[in-house]
Amino acid sequence: MTPDEAAAALGVTKRVLMDSYRRWRIPYLKVGKHVRFRTRDLHNWVDARMQGG
């Protein structure tokens, strides 16, 4: 997933995502100089942070 796609999936802006993905410990891949996110990693990251039900 590109940062634009990942930001849309999380409901944040690309700028917020790119400023925060390391701090939030979202798993990412470096492909050359580009940052990419795997869909399943993003879903697992969100699921791990769900509170309540």
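The angle between the Cα long axis of helix 39-48 and the longest principal axis of the Cα atoms of the chain comes to about 40 degrees, rounded to the nearest 10.
Computed about the Cα centre, the dipole magnitude for the chain is approximately 260 debye when only Lys and Arg (+1) and Asp and Glu (-1) carry charge, each at its Cβ. Per residue, the solvent-accessible area of the chain (1.4 Å probe, heavy atoms of protein chains only, all protein chains present) comes to 77 Å².
The values are calculated or read from the model by the stated rules, or taken from the named source; none is laboratory data. The model shown is predicted, which means the values in this text are computed figures rather than measured ones. When we count neighbours, we look across all protein chains shown, and the Cβ atoms used for this are built from the backbone with ideal geometry, even at glycine. Accessible surface areas use protein heavy atoms only, side chains included; no ligands, DNA or RNA. Shrake-Rupley method; radii C 1.70, N 1.55, O 1.52, S 1.80 Å.
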